[in-house]
Amino acid sequence: MYDVIIMGGGAAGMTAAIYSARKKLNTLVLEYERGGQTALQPEIWNYPGYTELDGRKLLDTFRKQALSFGAEMKSFRVEKISSEKDGNDHDFFSVEDKNGNKLETKALIIATGAKPKMLGVPGEDTFYNKGVTYCATCDAPLFDGKAVAVVGAGNTGLDAALMLTKYASKIYILIRSESVKGDPVTKEKLEKDEKVEFIFNAESKEVKGDKFVSGLVYNDKKNKEEKELAVSGVFISIGSLPNSDFLKGFCDLNQWGQVVINPRTNATSRAGVFAAGDVCDIDERQTIIAAGEGAKAALQCYKWLSSKH
């Protein structure tokens with residue numbers, strides 16, 4: 001039986017593993033998608049100690065640190081969690097995958113992160129991986145010399161557009177409102193690039209194409225006109241949803257499916273279960289915040305285990 005199982009291999013999960021393993025806890029990390037959201041970022045400029053860094057490299061460093069302190073890593077996607085008692089009437093948790101394989105632990109740290117939101121418009125499913133994508137880091141090179149549209153102008157959208165400036169011949173950034181909500185520094189960089197065009201008050205309506213994407217239809221909310229952009233790619237970057245479906249009924253979730261935590265201790269409504277990162281009901285979603293929350297969760301988990309066992 002493990003002292004703690006950490007679900008998630010992103011910034012929160014790996015930082016939790018570093019702190020947990022350094023406390024000499026028998027620690028297992030269940031990697032869902034290695035690196036999480038941070039690994040999808042082509043450039044990170046605001047992580048202290050680094051002036052420029054690729055997200056994947058940063059998370060690989062986290063992972064190496066966790067392994068060096070003795071944490072174990074396993075590819076295992078949890079479908080079910082149950083609370084049980086051992087022969088001495090001590091509580092423990094059992095996590096199970098879709099094939100019925102089980103792992104046992106005294107405590108849990110949930111750091112399963114979030115997944116990209118979908119637009120929910122016609123053509124999105126049809127042309128997924130045929131021009132429709134949610135990951136600029138993964139797919140930007142495929143659109144070298146082509147016109148593309150980025151839907152969304154928060155940090156996710158702006159980062160995607162910045163990555164695409166290295167490849168695409170034209171980049172349209174569609175924004176539902178009249179202002180850009182993302183990082184001002186990234187916005188300024190994009191405004192200086194002649195290939196980039198911001199389109200405000202644009203509500204995406206349909207992705208069009210034959211075998212591959214050929215256009216994006218949007219509604220100009222200000223002029224109440226339907227317009228179409230001739231593009232080969234549509235990068236959907238409108239935020240994320242927490243990976244928490246398997247937690248329903250196990251611990252408290254808010255109306256958006258985020259795990260409700262005590263902000264001081266990162267404890268969930270279930271004793272012995274802690275949570276950190278984008279899966280939680282926290283206001284800001286940054287790599288450094290996820291890392292800090294992961295450290296807090298691990299330290300509080302250690303205190304809880306020390307008091308119980």
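Where a number appears in this text, it was derived from the coordinates with a stated rule and is not lab data. These numbers come from a predicted model, not from an experiment. Cβ sites come from the backbone with ideal geometry, for glycine too, and all protein chains shown count toward neighbours.
Show me the three semi-axes of the equivalent ellipsoid for region 118-236, from the C-alpha gyration tensor (sqrt of 5 times each eigenvalue), largest first, rounded to whole Å.
Here the semi-axes work out to 20, 18, 12 Å.
Quick check for you: which residues of region 164-179 have the amide N under 16 Å from the point 7 Å beyond the Cα of Trp45 toward its beta carbon?
164-166
Residues with amide H under 5 Å of Gly239's amide H, sequence separation 5 or more or different chain, H placed in the peptide plane at 1.01 Å from N; which?
Answer set, sorted by chain and number: Lys117.
Hey, how many Å between the Cα centroid of region 258-305 and the Cα centroid of region 202-227?
Result: 40 Å between the Cα centres.
Compute the relative contact order of the chain as a whole-number percentage, counting only Cα pairs closer than 8 Å that sit 6 or more residues apart in sequence.
On the way: 730 pairs, mean separation 63.0, N = 309.
Relative CO of the chain lands at 20 percent.
What fraction of the Cα pairs in the chain, stated in percent, has a spacing above 23 angstrom? Mind dumping the intermediate values first?
Numbers: 27884 of 47586 pairs.
In whole percent, the long-distance tail amounts to 59.
Mind listing the lone cysteines of the chain, meaning no other Cys beta-carbon sits under 4.7 Å from theirs?
Taking the Cβ cut-off of 4.7 Å, the unpaired cysteines of the chain are Cys251, Cys280, Cys301.
So, by mean Cβ neighbours within 10 angstrom, what's the order for 14-20, 276-282 with the highest one leading? Don't jump to the answer; show the numbers that get you there.
On the way: 14-20: 29.7, 276-282: 27.0.
Going from most to least packed, we get 14-20, 276-282.
Let me check against my output: what whole-number percent is the relative contact order of region 118-236, with C-alpha pairs under 8 Å and at least 6 apart? Show your work: numbers first, answer last.
On the way: 265 pairs, mean separation 37.8, N = 119.
32 percent.
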